[in-house]
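Heads up: the structure comes next, in structure tokens.
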Amino acid sequence: MKLVVTGGAGYVGSVCAARLVESGHDVVVVDDLSTGHADAVPDGCTFVEGELTEVVGPLLADGVDGVLHFAAKSLVGESMEDPHKYWQGNVVTSLRLLEAMREHRVARLVFSSTAATYGEPDSGSITENAPTRPSNTYGATKLAIDHAIASYATAYGLGGVSLRYFNVAGAHGPFGERHTTETHLIPLVLQVAFGQREHIRIFGEDWPTRDGTCVRDYIHVTDLADAHLLALENAVPGAHRVYNLGNGTGFSVREVIDACRRITGHAIPASVAQRRPGDPAELVASSAAARTDLGWQPRRTGLDEIVSDAWEFARRQHGQ
Ligand code: UFG
């Protein structure tokens, strides 16, 4: 298929673009490099640097089979301090993309949604039927886009799939996570192993979980990318499908730090800090629907495997 990947110079976008090229698709990456990196765009892709709403029209006019839409603002804290950036950068931009897709009759859209659309879950593993009550602006903007895609599917025949990611981690060979502002647990812990920070702060150890630290569902980025390929192939005209993507197992913050110690061989000092506002105690996905409907099978579900791939990637970044 001829595909446009927005945000293909970012973490998840670059891994998905690489998997699409590996699978024989013809891929154009669009990225404004506001948070992505030009050298993260995989070989074999055509790269168009520019603001999405400015460049996408002419690209789609060329005849495109599908769009995978990753370009977004994605920092939860920032979304609360500067919501305009998120309503504009996520919602307004995505509406323009949807309009361009309608105009040029692009049939398929795979959208990068998030577990943050659910907010604080009631209990147990989260299915797609869980109430959507986002507790931050980031999640609210992603949910708004999900709703827009649903309307475009019903009214204009778009085949849309929203994939709600839980905690994406790991790397796909040379493609991995390198945010200028890093807030995610695994890369921060690995920074301690490199001596870039003195210790990792554990945000609370009095949560109602097995060891008192928060539990999250870490999904390997390669497994996540595979789900995108399946979603693209299975997109149905006139339907909007939503799938949660996680590994189905939760790991606590302490378990993640211990895995990083095992893999890196570094002591990785940790200290206990205040709870981070807005953090739920536990977020674990039910990905039963993705497995049943798409035939998705995550293969890299062990924490050590996820951390080792992230570590390999970080070592490459440090020239090791
Ligand atoms: N944590 C620490 N110390 C740190 C960083 C994180 O203890 O220095 C903890 C957090 O409190 C949380 C866990 O590690 O319990 C994971 O935190 P991340 O920031 O890595 O990830 P989140 O679970 O907060 O965020 C993820 C996605 C977001 C999404 C959110 C809600 O990265 O995009 O889930 O679904 F919005």
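Which listed residue (84, 131, 166) has the Cα farthest towards the positive end of the charge dipole for region 35-185, taking +1 on Lys and Arg C-beta and -1 on Asp and Glu C-beta about the Cα centre?
131
Pairwise over distinct Cα atoms, reciprocal of the mean inverse distance: report the Kirkwood radius of region 140-292 in Å, one decimal place.
17.4
Counting only protein chains, not ligands or nucleic acids, how are 260, 45 ordered by accessible area (probe 1.4 Å), most first?
45, 260
Can you give the % of DSSP beta bridges in region 18-177 that are antiparallel, to the nearest 5?
Roughly 5 percent of the DSSP beta bridges within region 18-177 come out antiparallel.
Helix 137-156: angle to the longest alpha-carbon principal axis of the chain, degrees 0 to 90, nearest 10?
Relative to the chain, helix 137-156 is tipped by roughly 30 degrees.
May I ask for log10 I(q)/I(0) of region 1-87 at q = 0.19 Å⁻¹, from a Debye sum over the Cα atoms as equal point scatterers with solvent left out?
-0.79
Nearest 5 percent is fine: what portion of the DSSP beta bridges confined to region 91-191 is antiparallel?
10
With just the Cα atoms of the chain, tell me how far they stretch along each of the three principal axes, in Å, largest first.
55, 44, 39
In what sequence, largest accessible area first, do 292, 209 appear using a 1.4 Å probe?
Ranked list, largest accessible area first: 292, 209.
If you count the DSSP beta bridges with both ends in the chain, what percent of them are antiparallel, to the nearest 5?
5
What lysines could a cross-link reach from residue 85, if we take a straight Cα to Cα line under 19 Å and drop same-chain neighbours fewer than 8 places away?
Partners found: 73, 142.
Which GluC sites (Glu not before Pro) does region 192-284 hold that lie in a coil by DSSP with at most 14 other beta carbons within 10 Å?
Qualifying residues, ordered by number: 198.
What is region 173-320's relative contact order, in percent, from Cα pairs under 8 angstrom and six or more apart in sequence?
36
For the chain, what is the relative contact order in percent, using Cα pairs closer than 8 Å and at least 6 residues apart in sequence?
18
Tell me, what is the 1.4 Å probe accessible area of residue 312, in Å² to the nearest 10?
Accessible area of residue 312: about 100 Å².
For region 105-259, report the accessible area per residue in Å² (1.4 Å probe, heavy atoms, rounded to an integer).
On a per-residue basis, 37 Å².
The values are calculated or read from the model by the stated rules, or taken from the named source; none is laboratory data. Being a predicted model, the structure only gives us computed values, none of them experimental. Note that each Cβ is placed from the backbone with ideal geometry, even for glycine, and that neighbours are counted across all protein chains shown. Remember, those area values only see protein heavy atoms, side chains included, never the ligands or the DNA or RNA. Shrake-Rupley method; radii C 1.70, N 1.55, O 1.52, S 1.80 Å.
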